[in-house]
Amino acid sequence: MVRGRLSSWPAPPLSWIGHTGAIRCTRYSPNGRQIISGSDEKTIRIWDAETGAIIGEPLKGHTDKVTCVAYSQDGQHIISGSCDRTIRIWDAKTGAAVGYPLEGHSNDVLSVAYSPDGRHITSGSSDKTIRIWDAKTGAAVGNPLEGHNNFVFSVAYSPNGRHIISGSWDNTIRIWDAKTGAAVGDPLEGHSSYVWSVAYSPDGRHIISGSEDNTIRIWDAKTGAAVGNPLEGHSNDVLSVAYSPDGRHITSGSCDNTIRIWDVKTGAAIGNPLEGHSGHVLSVAYSPDGRYITSGSCDKTIRIWDANPHTGVGRPLQGEISTALSVASSPNKQPIASGSNTNTIRVEEPFSHQPSSCNPLHAHFYSRPDSDGWVRDSDGGLLYWVPLDCRTGLHTAILITIPFIPDGRLVSLDFEDFVFGTAWTQIFNRAQR
C-alpha cells in the first residue's frame with residue numbers, strides 16, 4: 001500500500017550523453033517512446049525513452065543553435081526553431097527534412113508549438129513577434145502578431161487550439177486569438193522580470209509562467225487574473241515550466257541547476273529539489289503518462305527523473321495501488337473512485353480538470369483516447385485518462401458507459417470479472433462465459 005507523500009526523490013535513474021553542446025530543449029513523443037532534444041551544436045537528436053539509446057543520426061540542417069523542438073500531436077513530425085531565424089519540419093520516423101525551412105522572422109526563433117489539430121505551427125522570436133504557419137505548406141498565415149516590446153521567449157497553444165499564449169522579456173504574458181491573431185484582453189502582469197516560459201494546464205483553464213524573478217505564477221486563462229501567490233523556492237531564474245498530464249502538478253527547471261515539483265492546488269513544493277545537473281536546467285517536460293520528467297541542461301546531458309505519481313490523497317479500499325484503468329466522479333465534485341488492474345478501488349480528491357458536461361444517469365457514447373491519453377466527451381470535457389501502457393488496442397472508437405448517481409454518492413466498481421486485452425473478439429468471447 002502506498003500512503004502519504006514522499007519527502008524526497010532518489011537520485012535520477014538515467015543520465016544521457018550524446019550532444020556536445022548545451023541542451024536547450026527536450027520533449028517526449030506523444031506515445032512516450034522517444035525523447036527529442038535540441039542543442040547548441042545545431043542538431044536535434046532522437047532518443048529511446050526507455051533505454052536512452054540514440055535513434056538514428058542527428059537531424060542536421062540548421063546553421064545555428066537549436067533553441068526549441070516540438071512533436072506534432074500524431075507523432076509523425078518534429079519541428080525545430082533556431083538562432084538561424086528559421087523553423088524546420090522533420091519526419092519523425094526517418095529524420096528527413098520535410099519541405100523547405102520556414103522563413104520570415106528577422107531574428108532568433110526562440111519557441112515553437114504545434115496546434116492541437118496539427119494544421120498550424122506558431123513561433124516566437126527575438127524580433128518581438130509571434131508568427132503562425134501552415135504546417136502542410138509552410139506558408140505564413142496572416143500577419144505577425146505584434147504587441148510585445150521585447151523578445152518573445154515562449155509560445156503555446158491552448159488545448160482546444162483557439163488561443164495562443166506568449167511569454168516575453170517585457171515581463172508580461174499575452175493571450176491571442178489563434179484564428180484572427182487579435183490580442184485577447186490585457187497583458188498578464190505580475191512578474192518583475194523576464195518571462196522565460198509559459199504553458200497551459202491540460203484543461204485549458206489556467207496558465208503558468210516561469211520568470212527571471214525566480215518565481216512561477218498561475219493565472220486564470222479566462223480572466224487573466226493571478227491565482228494565489230507566486231510559487232517560490234528556486235534561487236535563480238525559472239527557465240522552463242510544465243504541467244503534469246493530470247494537471248495536479250507543475251515541474252520547473254532553473255538556473256539554480258535544480259528541478260522542482262509543485263502541488264497545483266496548494267502551491268506548495270513537493271519534496272526536495274531534484275539535484276544532479278551541474279549546469280542551468282533549460283528545459284523540463286513530463287512523459288505522456290506522467291510518470292517521468294525529462295530535463296535538458298547546459299551540462300550537455302539529458303536526465304530522466306521519477307515524477308512520483310502516487311501523491312494522491314486517500315487510501316485503497318483493499319489491496320495495493322496499481323495502474324488506474326478508469327475513473328468516475330460524482331456530479332457534485334466529491335472524491336473520485338478509480339479502478340485498477342489489481343481489482344481494487346481507490347478514493348481520491350478530484351483532479352483540477354474541467355469535468356465532462358454530460359450528466360444523465362447513464363452516459364453512453366463512442367470515443368477514444370486523444371494523443372495525450374485523455375478520453376473526452378463531444379464537448380471536450382475530460383472523462384478519464386488512460387495510462388500509456390493501457391492504450392494498446394484503444395486506437396479505434398470504444399463504447400464508454402459512465403453511471404452517475406443523482407445524490408452525489410460514489411459509484412461502486414467491481415473489477416473481479418474485468419477483462420482487458422488487445423483483441424476485441426477474444427474479450428467478447430471470454431466476457432460471455
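Bear in mind that the values in this text are calculations on the coordinates, not laboratory data. It should be emphasised that the depicted structure is a prediction, and the values quoted were computed from it without experimental measurement. Virtual Cβ from ideal backbone geometry, glycine too; neighbours counted across all protein chains shown.
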Burial order of peptide ranges 141-154, 262-275, 24-37 (average beta-carbon count within 10 Å, highest first): 24-37, 141-154, 262-275
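D for the range 164-288, whole µm²/s, Stokes-Einstein with Kirkwood Rh over alpha-carbon pairs at 20 °C and 1.002 mPa s: what number? Kindly include the intermediate steps, with their values, before the conclusion.
Details: Rh = 14.4 Å.
Value of D from the Cα-based Kirkwood radius: 149 µm²/s.
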Ordering of 230-236, 184-190, 78-84 by burial proxy (mean other Cβ atoms within 10 Å per residue, highest first): 78-84, 230-236, 184-190
Placed amide H near Lys300: partners under 5 Å, 5+ positions off or other chain: Ile23
Paired Rg and Dmax values of the range 21-151, which use every Cα atom, in angstrom: 13.9, 44
Average silhouette area of the range 14-306, convex hull of alpha-carbon atoms, in square nanometres: 12.7 nm²
Pairs of lysine residues in the range 14-306 - Cα separation under 23 Å, sequence separation of 8 or more or cross-chain: 16
For the range 26-105 versus the range 208-269, the gap between their alpha-carbon centres in whole angstrom: 26 Å
Peptides 101-112, 172-183 ordered by average Cβ neighbours within 10 Å, highest first: 101-112, 172-183
Under-5 Å amide H pairs with Val227, H placed in peptide plane, nonlocal only: Ile218, Trp219, Asp220
Under-5 Å amide H pairs with Ser211, H placed in peptide plane, nonlocal only: Trp196, Val238
